[in-house]
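As structure tokens, the structure follows; a few thoughts come after it.
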Amino acid sequence: MSLSPRHAVYVGSFDPVTLGHFDIISRGARLFDRVTVGIGVNPGKSPLFTPQERVELLQDVLKPLANVRVECFEGLTVNFVRRCGASVTLRGIRTLTDLDAEFTMSLANHVLAPDIETVFLMAGEKYSHISSSLIKQIAQLSPETETDPLNAFVPVEVIEPLRAKFRNLR
Ligand code: ADP
């Protein structure tokens, strides 16, 4: 089967989706005809949001981007990319630490699937400090105020579901 060079797949945990992820996806959606966002489901991990909740949150946040769709997958990224009929994996780079890990992963993926290329986008300067794990700590430790500090980190659609998770855990 020939794989489309105009279709990119962006994978991650998205637990939850952040403004940094949204920035990479919207820039990817301008560079490629189609972008598939793949939520990696790892049975060994216990995420804050269930796979179904993450699909719904991402679909809500990505509604303005008509050429982007969202799916869950298990197993190797390259197998998911191939199943999608795509030939590009899109990744975001925030720091030198990301670069190191991403470089190793892209080399391994290239051995597994030489016909699939990894394309890297540098994080936007406003978002390079943002990670899902940092956001979960802020949500857990910061009080709920009218102008929620989480607005600086996650799309507005994520704030209430994220606050609700920690309310339910208290
Ligand atoms: P994982 O938990 O599997 O590392 P993430 O959902 O955190 O997955 O990240 C998926 C991809 O998005 C990775 O390429 C990661 O480097 C990138 N990424 C994460 N946060 C940001 C950000 N703030 N800006 C740009 N890229 C990011």
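The values are calculated or read from the model by the stated rules, or taken from the named source; none is laboratory data. Note that this is a predicted model, so its numbers are computed, not measured. All Cβ positions, even for glycine, are placed from backbone atoms using ideal geometry, and neighbour counts span all protein chains on display. These area figures cover heavy atoms from the full protein model, side chains too; ligands, DNA and RNA do not enter into them. Shrake-Rupley method; radii C 1.70, N 1.55, O 1.52, S 1.80 Å.
Quick one: 3J(HN,Hα) in Hz for region 127-137, Karplus 6.51/-1.76/1.60 with θ = phi - 60°, rounded, Gly and Pro as x.
Residue by residue, region 127-137 yields 10, 5, 8, 8, 9, 4, 5, 4, 5, 5, 5 Hz.
On the protein heavy atoms, probe 1.4 angstrom, tell me the percent of accessible surface of region 19-84 carried by carbon and sulfur.
Roughly 51 percent, rounded to a whole number.
Which residues' amide hydrogens lie under 5 Å from the amide hydrogen of residue 86, considering only partners 5 or more residues apart or on another chain, with H built in the peptide plane?
4
How large is ³J(HN,Hα) for each residue in region 138-152, as worked out from phi by the Karplus curve 6.51 cos²θ - 1.76 cosθ + 1.60 (θ = phi - 60°), to whole Hz, x for Gly and Pro?
Going residue by residue, I get 5, 5, 6, 9, 9, x, 7, 10, 4, 9, 5, x, 5, 4, 7 Hz, with x marking Gly and Pro.
Once the cut-off is 21 Å, how many percent of the Cα-Cα pairs in region 1-139 end up in the long-distance tail?
The proportion of pairs with Cα distances above 21 Å equals 40 percent.
Work through the residues other than residue 110 whose Cβ is under 15 Å from its Cβ and net out their charges, Lys, Arg +1 and Asp, Glu -1.
Within the 15 Å Cβ shell, the charges total -1.
When all protein chains stay in place, what accessible area (Å², nearest 10, 1.4 Å probe) is found for residue 21?
The value for residue 21 is about 40 Å².
Using the heavy atoms of the protein chains and a 1.4 angstrom probe, tell me the accessible area per residue for the chain in square angstrom.
For the chain, the per-residue accessible area is 54 Å².
Rounded to the nearest 5, what % of DSSP beta bridges with both residues in the chain are antiparallel?
Restricted to the chain, the bridges split so that about 0 percent are antiparallel.
Taking θ = phi - 60°, what integer Hz values does the Karplus form 6.51 cos²θ - 1.76 cosθ + 1.60 yield along region 110-122, in sequence order, with x for Gly and Pro?
In residue order, the calculated couplings are 5, 5, 5, 8, x, 8, 10, 9, 9, 10, 9, 10, 6 Hz.
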